[in-house]
Amino acid sequence: MTDLSVVSAPEARLEVSSGWKARIELTYAHRYAKTRLVRCQRQGPLSVQRAFYPENDVCHTYLLHPPGGVVGSDQLDVHVQVEEKAHTLITTPGATKFYRSGGRLATYRQHLHLAAGACLEWFPQENIFFPDSQVRISTQINLHPDSRFIGWEIMCLGRPVIHERFTQGQLMASTQLLVDGAPLLIEHLLSEGDSQQSSLAGMHGYPMQATMLLYPASEALLSSVQALMQNETHLISAVTLLDSLLVVRVLGHQTEALMALLTRVWSEVRPDIIGKPACIPRIWAT
């Protein structure tokens, strides 16, 4: 089953000129009883900190973008390969900020590939889109039927903490998740200023939205997550099972509330999907 969620609008003509061109390729492999980062090839301002092992065998990695923000014409590419039986958790030390671009397009591409028996937990902190930013984000997740994946993407239009709205600009985001080459999820989002943020077909006036993907999942896991979210009153949420992929969607006003809910879901499902209790990255507490 394929979920196809499309919000369309006329695409603006955007100028693409020189900016930061950053690319990082990370390969993880199981070596000597633990997962190790065996290859890190990078160009431009993308890097990783040294690996952490709070769970002894799982490799925790912090993905860094030292400039602290993305501006028009920047091009960022992240490639992650997780080999057989390797297990890594990747997060970021803070939000990724997309600044005003003056009509120039910023692009951010993410490619995640998992081999048989591999496990990836993909937890970047939120993307914040300043008014008048022009951004295209694409994420492709390629899973083996015998792999395991838990990941999320959090989008914040404007800066609600200072009552700033995404009154102008354009965000184009696409996500594809494939298992053994067959798509389970294909979705596209196009937001142009307040047109999408306030519409009933869009974000209902909420400035923030998050999508969490969990694989493999079952009817029992669906019921467990639905029960967990039943008493949530400050957020709008929905849970869908697409074959063996669980999709969690959330709308909200504050980063802390969204992160807290997603973390609770992760803590609930991690023992079932991965066989380990949740181990919160230290960077989230700073």
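Put a dot 7 Å past the Cα of K21, heading toward its Cβ, do the same for A116, and the two dots end up 3.8 nm apart. Taking label points 7 Å from Cα along the Cα-to-Cβ direction, V38 and E232 give a separation of 3.7 nm. Within straight-line reach of K21, meaning a Cα separation under 30 Å, sit the following lysines at least 8 residues removed in sequence or on another chain: K97.
About its Cα centre, what dipole magnitude does the chain give when the only charges are +1 on Lys and Arg Cβ and -1 on Asp and Glu Cβ, stated in debye to the nearest 20? Walk me through the numbers before you get to the answer.
Working: 23 positive and 26 negative charges, 197 e Å.
Using Cβ point charges on Lys, Arg, Asp and Glu, the chain gives about 940 debye.
According to the Kirkwood relation over distinct C-alpha pairs, the hydrodynamic radius of the stretch 63-213 is 16.1 Å.
So what's the stretch 57-118 giving for Cα Rg divided by 2.2 N^0.38 Å, two decimals?
Details: Rg = 14.7 Å, N = 62, 2.2 N^0.38 = 10.6 Å.
So the stretch 57-118 has a normalised radius of gyration of 1.39.
Here K276 is the anchor, and the lysines within straight C-alpha reach of less than 21 Å, apart from those fewer than 8 places off in the same chain, are K34, K85.
Could you give the C-alpha radius of gyration of the stretch 238-286 expressed as a fraction of 2.2 N^0.38 Å, taking N as the number of residues it contains?
On the way: Rg = 12.4 Å, N = 49, 2.2 N^0.38 = 9.7 Å.
Ratio of Rg to 2.2 N^0.38 Å for the stretch 238-286: 1.29.
Protection proxy ranking for 19-25, 54-60, 105-111, 38-44, using the average of other Cβ atoms within 10 Å per residue and placing the highest first: 105-111, 19-25, 54-60, 38-44. Nonpolar atom fraction for the stretch 123-278, defined as the carbon and sulfur part of the 1.4 Å probe accessible area, stands at 51 percent. Fully extending the segment from K276 to T263 would add 3.2 nm, taking 0.36 nm per residue of separation and subtracting the current Cα-Cα distance.
Per residue, the accessible area of the chain comes to 44 Å² when a 1.4 Å probe rolls over the protein heavy atoms.
The values are calculated or read from the model by the stated rules, or taken from the named source; none is laboratory data. The structure displayed is predicted, hence computed values, not measured ones. Because the Cβ atoms are built from the backbone with ideal geometry, glycine has one as well, and the counts that use them run over all protein chains shown. Just the protein is used for accessible areas: all its heavy atoms, side chains included, with ligands, DNA and RNA removed. Shrake-Rupley method; radii C 1.70, N 1.55, O 1.52, S 1.80 Å.
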